[in-house]
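The values are calculated or read from the model by the stated rules, or taken from the named source; none is laboratory data. Fair warning: this is a prediction, and the values are worked out from it, not measured in the lab. In case anyone asks, the SASA skips ligands and DNA or RNA and just uses the protein heavy atoms, side chains included. Shrake-Rupley method; radii C 1.70, N 1.55, O 1.52, S 1.80 Å.
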Amino acid sequence: SGLMMVFLLISVAYSSQVKTQSDQLQQKNEQIVGISNSYSDNRQQIYDALNDSFSSRFDEWGAVLDRDTLTLRFNDPALLFETGSDELTLRFQQILAEFWIDYIEILSAHASDIREVRIEGHTSSEWADADTQASYFNNMQLSQQRTRTTLQYCYNLTPATMQPWVRGNVTANGMSFSRLIVDDSGFENPTASRRVEFTVVVDSRSTLEEIGRALND
């Protein structure tokens, strides 16, 4: 009976330990789910704010907003630049004047959640009398010049009080034809490939670090 009592005490102690570990594991799971949900909520809030502010003008701007990537894409190349030029059309200047200040005001309200705002220039693969390699680098130079011109124009629109935020968070990226738009048959759509995108990169790294701390606690 003495041994039975010892076994009973060991069993009770083991059960208590397992329950404690199980409770701790459940708490960690709940904490991680909460962190993940907060990340998703932040992305949704940014999307909702952008969509509420700009959706009524998407058609006239030739623009769309992608919910998954938080990319606002200007799709109509005729509104953006002349062929082979990095000079903004008058219409694109007007669009940016209507768009930019509201855009950065929305994003600066979510500054703690944002790692980067990327202005990306994309081209088609076409370049007269050039092979694929020459076309790639010619279009790379052109797309970089276009995004720099776009960023510079936007920066000049920016109130002085917000210029430090723009300098610290907004980048210009020429992508050449590295991300072509293809049609249903799998072939390049040259017109759709010529576009300018404004993408919000939400800070997933800090979320992953927060999850890692929760696991290590």
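Distance from the Cα centroid of region 135-205 to that of region 84-133 is 4 Å (rounded to whole angstrom).
From the square roots a ≥ b ≥ c of the eigenvalues of the alpha-carbon gyration tensor of region 31-173, which class results: rounded (a/c under 1.5), prolate (a/b over b/c), or oblate? Prolate shape, in that a/c is at least 1.5 and a/b is the bigger ratio. Subtracting the Cα-Cα distance of ASP48 and VAL182 from their residue separation scaled by 0.36 nm leaves 45.4 nm.
Surface exposure of region 83-199, expressed per residue as accessible area with a 1.4 Å probe, stands at 52 Å². Between ARG91 and SER55, residue separation times 0.36 nm minus the direct Cα-Cα distance comes to 11.1 nm.
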